[in-house]
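Report on one structure; see the data block that follows.
The values are calculated or read from the model by the stated rules, or taken from the named source; none is laboratory data. None of the values given here were measured: they were computed from a predicted structure. Because the Cβ atoms are built from the backbone with ideal geometry, glycine has one as well, and the counts that use them run over all protein chains shown.
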């Protein structure tokens with residue numbers, strides 16, 4: 001079922017430069033009302049214009065709904081969202097932000113929680129660590145970053161509560177996180193969460209598989225497109241509108257459809273929001289999204305056309 005979100009006209013209430021590349025943005029609703037409640041690890045979408053919206057983890061206090069906060073790292077080779085935020089979203093700027101969604105929830109059954117973050121991937125753990133502390137849970141954070149300036153992102157956390165739970169690894173100082181060794185030391189039954197660059201996520205998942213941590217105990221989140229530049233080209237048939245479209249190897253189904261000036265709702269373009277979920281009539285999808293669960297992907301009933309591709313040379317969609 002296609003996901004729907006409530007959008008809130010909002011104003012940028014404050015902008016703080018946390019590191020040379022990271023800013024923290026505080027939003028307030030223009031109507032003065034409170035934002036919806038959210039759970040630890042939730043994200044929301046910032047809609048900058050008709051074609052540009054990005055997902056960001058909420059880093060604000062879940063008990064104070066008068067505002068939402070996010071941290072945004074400016075990406076040198078980004079798709080435009082981070083650049084827009086850094087260059088245009090000054091105090092007083094107006095835009096729309098969505099109701100929250102959580103695809104990175106904490107387990108309520110784990111005896112231990114291991115949090116692994118890389119760079120700006122620390123953001124979902126800011127709210128998660130607060131919740132784990134409130135639960136009096138057994139948890140620890142391993143934070144890998146390029147330079148000491150990234151440690152400023154940890155200032156959002158109460159050091160009196162979390163200090164002995166955090167270990168940092170700063171690569172510019174020659175200190176690196178050995179993921180294989182770290183995972184090998186974790187008792188089975190530990191819930192392992194990772195957010196950061198794709199190589200970090202892949203290495204963590206690989207190590208978890210190597211040391212026989214069950215899939216349901218391994219959680220990851222990454223807000224970036226999984227479109228492969230070396231993917232195969234294929235044909236998509238739109239049954240309702242009677243179109244036959246060639247999707248190139250470096251193109252998404254969504255991009256190919258939009259090239260014909262056909263409008264399809266999609267909030268994130270990263271496979272996390274669910275708004276572009278589309279029914280598959282014939283063929284099978286190569287699922288590259290984070291929205292559908294494993295059972296839904298196996299069923300081959302729907303796909304996220306912003307990132308997922310056809311497994312074979314042709315696929316027919318209910319569009």
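Observations
- Odd one out for residue 86, checked against (1) within 26 Å of residue 212 (Cα to Cα); (2) surrounded by 17 or more Cβ atoms within 10 Å (Cβ to Cβ); (3) not assigned by the TED database to the domain that holds residue 212: (1)
- Only strands (runs of 3 or more DSSP E) whose full extent lies in segment 205-297 are considered here, and the ones with at least 3 residues that are within 19 Å of residue 310 (Cα to Cα) and free of Cβ contacts under 8 Å to residues at least 24 places away in the same chain are 243-247.
- Residue 124 vs. criteria loosely packed, with under 12 Cβ neighbours inside 10 Å and modelled with pLDDT of 95 or more: no
- Residue 182 vs. criteria touching a residue at least 40 places away in the same chain (Cβ under 8 Å) and surrounded by fewer than 21 Cβ atoms within 10 Å (Cβ to Cβ): yes
- In segment 131-152, the residues that are in the same structural domain as residue 60 (by the TED database) form no Cβ pair under 8 Å with any partner that is buried (at least 23 other Cβ atoms within 10 Å of the Cβ) and part of a loop (DSSP other than H, G, I, E, B), whether six or more places apart or across chains.
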